[in-house]
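The values are calculated or read from the model by the stated rules, or taken from the named source; none is laboratory data. If you're wondering where the values come from, they're calculated on a predicted model, not measured in any experiment. Every residue, glycine as well, gets a Cβ built from its backbone with ideal geometry; the counts of neighbours run over all protein chains shown. Calculation scope for accessible area: heavy atoms of the full protein, side chains included, ligands and nucleic acids excluded. Shrake-Rupley method; radii C 1.70, N 1.55, O 1.52, S 1.80 Å.
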Amino acid sequence: MTRLPHRSLVIIALALCAVASAAVAAPRARAQSYTDVPKSHWAYASISSVTERSASGHRLLDDYGELFKPEKAITRELLARSLVLASGNYGENVKTVAMKDVAPDDRYYSVIQVALRHGYMNLDKHGAFRPQDPVPASQAEVAIIRWLKERYASSNWTLLSSLKPSRWQP
């Protein structure tokens with residue numbers, strides 16, 4: 001399984017989700033600035049996009065303080081949170097799924113539940129979510145495509161069936 005080399009790659013994908021969800025997003029807030037992401041950084045525009053777009057009063061990504069650490073992989077809990085915010089499903093009440101490693105009092109519990117119920121992400125074969133694990137590129141791709149398929153359900157997604165299921169499966 002391929003590990004994402006940079007958090008910035010997921011940021012770019014989430015920026016695309018943010019643009020796609022602009023209809024459900026609240027008015028823009030001022031982008032968060034980070035001391036380790038100068039305007040000359042190659043992903044500056046995408047990072048600014050996901051830290052300024054506000055959905056349900058929350059930025060898609062805003063849990064970083066003063067350092068964004070663009071070289072660090074995004075965690076599964078942060079990807080779940082971002083997809084749920086971009087989808088407009090934040091705060092939705094869903095039937096809970098039993099997870100071995102995320103307690104109901106965890107700050108990401110509710111968004112993980114929504115991400116699981118909408119099928120953006122899955123538990124592993126042991127019933128664990130592994131919230132602190134870095135997101136491999138293959139999992140990020142699948143989660144974002146699943147979000148896009150839900151968002152644009154009437155679109156023609158037959159092209160995806162031409163991909164080799166052994167290498168990629170939405």
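How much accessible area per residue does the stretch 115-155 have, in Å², with a 1.4 Å probe?
On the way: 2030 Å² over 41 residues.
Spelled out: the 1.4 Å probe surface of the stretch 115-155, per residue, equals 50 Å².
When all protein chains stay in place, what accessible area (Å², nearest 10, 1.4 Å probe) is found for residue 69?
About 90 Å², rounded to the nearest 10.
Read phi for every residue in the stretch 89-94 and hand back ³J(HN,Hα) as whole Hz from Karplus 6.51 cos²θ - 1.76 cosθ + 1.60, θ = phi - 60°, with x for Gly and Pro.
Whole-Hz 3J(HN,Hα) from phi for the stretch 89-94: 9, 4, x, 5, 8, 10.
Here is the link list: 100/149; 125/149; 95/125; 39/125. Which ones come out longer than 31 Å on Cα distance? Before the final figure, lay out the partial values.
Working: 100/149 28 Å; 125/149 24 Å; 95/125 20 Å; 39/125 42 Å.
Over 31 Å apart, Cα to Cα: 39/125.
Find how much the distance from residue 151 to residue 132 grows on full extension, using 0.36 nm per residue of separation minus their present alpha carbon separation; answer in nm with one decimal. Could the numbers behind the result be given before it?
On the way: separation 19, 0.36 × 19 = 6.84 nm, distance 2.64 nm.
That works out to 4.2 nm of additional length.
For the stretch 83-126, which whole percent of the accessible surface, found with a 1.4 angstrom probe, sits on carbon and sulfur atoms?
Working: 1130 of 2490 Å².
Taking all protein chains in place, the stretch 83-126 shows 45 percent carbon and sulfur surface.
Could the peptides 92-100, 74-82 be put in order, highest first, of the mean number of other beta-carbon atoms found within 10 Å of their residues?
Working: 92-100: 11.9, 74-82: 24.6.
Per-residue Cβ counts within 10 Å, averaged per peptide and sorted highest first, yield 74-82, 92-100.
Pull out the extension gain between residue 124 and residue 45, defined as 0.36 nm times the separation in residues minus the alpha carbon to alpha carbon distance; nm, one decimal.
Numbers: separation 79, 0.36 × 79 = 28.44 nm, distance 3.38 nm.
Roughly 25.1 nm would be gained on extension.
Can you tell me how much longer the chain between residue 161 and residue 52 gets when fully stretched, taken as 0.36 nm per residue apart minus their C-alpha distance, in nm with one decimal?
Numbers: separation 109, 0.36 × 109 = 39.24 nm, distance 3.48 nm.
Fully extending the segment from residue 161 to residue 52 adds 35.8 nm.
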